[in-house]
Amino acid sequence: METVLVASSRAPEPGPALYGNRVGEELSFARFEIAVPPAHRAGQPDPRPHAPGDRERHFLVTEASRFADARSFVGAINRRLAAHPEPDRPAALFVHGFRNSFADGVLYQAQLQADLDRHGAIVHFAWPATPSSLTYLRDIDRALASRDALARTIDLLASCDADEMILVGTSLGAFLLMEALRTMAMAGHDPVFAKIEAVVLVAADIDLDVFRSQVDAVAARGVQTIAVTSRRDRALGLSAALRGTRRRVGSAPPDALAGLPVTIFDVSALPVGDSYRHLLLARSPDLIRLVRMVHQSEDPDARHDAARRLGATVRAGAADAP
C-alpha cells in the first residue's frame with residue numbers, strides 16, 4: 001500500500017476522483033491510499049486500470065480524502081516523517097509532466113514510490129495538465145499559471161519537520177518547477193533554499209536559453225541542480241520541433257550544458273520501455289535499480305560510493321549510445 005499526499009492547483013470536483021482538469025482558484029490538498037498489485041515489478045508499464053480494475057494487476061485507489069486546510073496537510077507530512085524516520089529526515093516533492101490526467105499522476109506517483117522504495121514524506125504536486133497530446137501548448141500556459149501554487153507548496157514543505165528536501169520535476173513539470181524556484185529566488189526565499197538538498201530534473205522539457213536564467217538563479221541560492229538526460233528522447237524531439245529549436249534540456253548532449261551549474265546524468269544508453277523513450281523513471285528498470293542502489297546504502301561512505309558508481313555507469317553507457 002502506498003500513501004500519496006497531494007497538493008494541487010487543479011479545481012476540486014465532487015466524486016471519488018476529487019479533481020478534474022480545470023484550473024483551480026486556490027491550492028488544495030488531498031490524500032490517496034493506493035494498493036500495489038502483487039505482480040508488479042519495478043519499471044513495468046501502465047499502472048492505469050480500466051474499470052473496475054484487477055487488484056492482482058493494477059494500481060487501485062482504495063481510499064481518498066481531502067485535507068481541510070494547509071495546516072492539516074503539513075500535519076500529515078509531519079506524521080509521515082515521524083512514522084518513517086530516516087537519517088537527516090528528508091522530504092520530497094514530485095511534479096508530474098505533460099499529458100497527465102489527475103488519476104494518471106497519482107497512480108504514477110504510487111508506482112514511483114513503490115519502485116524506488118521511498119515511503120516517507122513525499123508530496124505529489126498536481127497541476128492541471130490534460131491527457132491529450134493536442135493540448136500541449138495550452139498545458140504550457142497552465143503550467144505557468146501554477147507557479148504561485150507550486151511555490152506555496154514548496155514553502156509549506158519547508159515549514160514541516162524535515163531537515164532537508166529533494167525536489168523532482170519531470171518533462172513539462174521540470175519547467176514548472178524551475179520557473180517556481182526562479183520566482184522564489186528573485187523574491188528572496190532564502191530560508192526555503194537552505195532546506196533544499198537538490199533539484200532533480202528528469203527529461204526536462206525546457207528551452208536551453210530559458211534554463212540558463214533559471215539554473216543560475218537557483219545556483220546563486222546554493223542549491224545543486226541535477227539533470228537526467230537522454231539524447232534518444234523522442235517526445236522532447238517533437239517538443240523542440242514544435243517550438244522551432246534543435247533540442248530541449250532533457251535531450252541535450254552534455255557539451256550543450258557545459259559551463260552551467262548543473263550535474264548531468266546522461267542515460268541515453270539505458271533502455272526505456274515506452275515508444276517515445278521519455279518516461280525515464282517509470283519505464284526504465286535499470287535506472288530505477290541504480291537510483292535505489294544509492295538510496296539504500298546506509299552509511300555515508302557506501303552511499304557516496306554508490307553515487308559514484310551510478311555516475312560512472314551512465315557515463316560509460318552514454319558513450320556507446322547513438
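Some notes on this structure:
- Residue, farthest from the chain's Cα centre (by Cα), within the range 22-37, restricted to residues that are within 18 Å of residue 148 (Cα to Cα) and of a type outside the set (Gly, Ala, Ser): 25
- Any hit, the range 177-186, residues being touching a Leu at 6+ places or on another chain (Cβ under 7 Å) and within 30 Å of residue 82 (Cβ to Cβ): yes
- Exactly one residue among 174, 198, 180 is surrounded by fewer than 20 Cβ atoms within 10 Å (Cβ to Cβ) and of a type in the set (Gly, Ala, Ser), and that residue is 198.
- Residue check for residue 138: assigned to a loop (DSSP other than H, G, I, E, B), at pLDDT below 90 and surrounded by fewer than 24 Cβ atoms within 10 Å (Cβ to Cβ): no
- For the range 107-135, filtered to residues that are more than 18 Å from residue 177 (Cβ to Cβ) and modelled with pLDDT of 80 or more, the residue that is surrounded by the fewest Cβ atoms within 10 Å (Cβ to Cβ) is 130.
- Counting only strands (runs of 3 or more DSSP E) that sit completely within the range 157-273, those holding 3 or more residues that are without any contact (Cβ under 8 Å) to a residue 60 or more places away in the chain and over 16 Å from the mean Cα position of the chain (by Cα) correspond to 263-266.
- The residue list 146, 159, 132, 171 contains one member that is more than 12 Å from residue 93 (Cβ to Cβ), touching a strand residue (DSSP E or B) at 6+ places or on another chain (Cβ under 6 Å) and not hydrophobic (A, V, I, L, M, F, W, C), which is 146.
The values are calculated or read from the model by the stated rules, or taken from the named source; none is laboratory data. These numbers were taken from a predicted model, which means no experiment stands behind them. Methodologically, a virtual Cβ is constructed for each residue, glycine included, from the backbone with ideal geometry; neighbour enumeration extends over all protein chains shown.
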